[in-house]
1. How much accessible area does Ser9 have with a 1.4 Å probe, in Å² rounded to the nearest 10?
2. Tell me, which longest segment in the chain has none of the trypsin sites (Lys or Arg not before Pro) that fall in DSSP loops with at most 16 further Cβ atoms within 10 Å?
3. I'd like the Karplus ³J(HN,Hα) series for the stretch 125-139: coefficients 6.51, -1.76, 1.60, θ = phi - 60°, whole numbers in Hz, and an x wherever there's a Gly or Pro.
4. Determine the sum of side-chain charges near Ser129: Lys and Arg each +1, Asp and Glu each -1, restricted to other residues whose C-beta is under 12 angstrom from that of Ser129.
5. On a 30 Å Cα-Cα criterion, which of the cross-link pairs Lys51/Lys101; Lys37/Lys85; Lys27/Lys105; Lys85/Lys110; Lys85/Lys105 come out too long?
6. Roughly what angle does helix 10-25 make with the longest principal axis of the chain, taking Cα atoms, 0 to 90 degrees, to the nearest 10?
7. Running a GNM on the chain with Cα contacts under 10 Å, which residue among Asn100, Asn25, Asn60 ends up with the highest mean-square fluctuation?
8. Whenever you get a sec, line up Leu116, Leu96, Leu121 from highest to lowest accessible area (probe 1.4 Å, protein heavy atoms).
Amino acid sequence: MYLQRNTNSLRSQIVQSIQHDIFSNRKVGDQLPSEAKYAEEFGVTRSTIQKALKDLQQMNLITRVQGKGSFVHQTQPHVKLFNFKGFSDYAHEIGLEPINKVLSKKIIKKHGTEFLELERLRLLKSQESIIPMTIDHSE
């Protein structure tokens, strides 16, 4: 795979590429290629691959078993609904771009006070795909 060496860090590009592979082609429990195979594929050192796999493990997308390899833990991003980080912060944390599309917006009155009622679609964008995540309704 060709990595753009003058833009995002190589590690984040590798993480995004492996994420895309997991989201598009893998099932829970599938074994991922070895560190050596990834290093050859991406043209980087094994230590760079180890760091990228550690990032994916911290995102809870893979599990790593000493002496056995890396395995898919989940095939879609997992968003904790009750956290203190925003959706955009979460997206950046896992190396993806947040996309928010407003579906509807209107001013409503409740108890003599005006509120903005907003419905929006939340998506995550990688270099290769867009993943719909949630529809938020707030007022």
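The values are calculated or read from the model by the stated rules, or taken from the named source; none is laboratory data. No experiment lies behind these values; they were computed from the predicted model shown. Note that we place each Cβ from the backbone using ideal geometry, even for glycine, and neighbour counts take in every protein chain shown. With ligands, DNA and RNA removed, areas are computed over all heavy atoms of the protein, side chains included. Shrake-Rupley method; radii C 1.70, N 1.55, O 1.52, S 1.80 Å.
1. 70
2. 86-139
3. 10, 9, 5, 9, 8, 10, 10, x, 10, 8, 10, 9, 10, 9, 8
4. Details: positive: Lys125; negative: Asp21, Glu97, Glu128.
So the surrounding residues net to -2.
5. Lys51/Lys101; Lys37/Lys85; Lys27/Lys105
6. 80
7. Evaluated over the chain, the most mobile residue of the options is Asn25.
8. On the way: Leu116 85, Leu96 10, Leu121 45 Å².
So the residues, ranked largest to smallest area, are Leu116, Leu121, Leu96.
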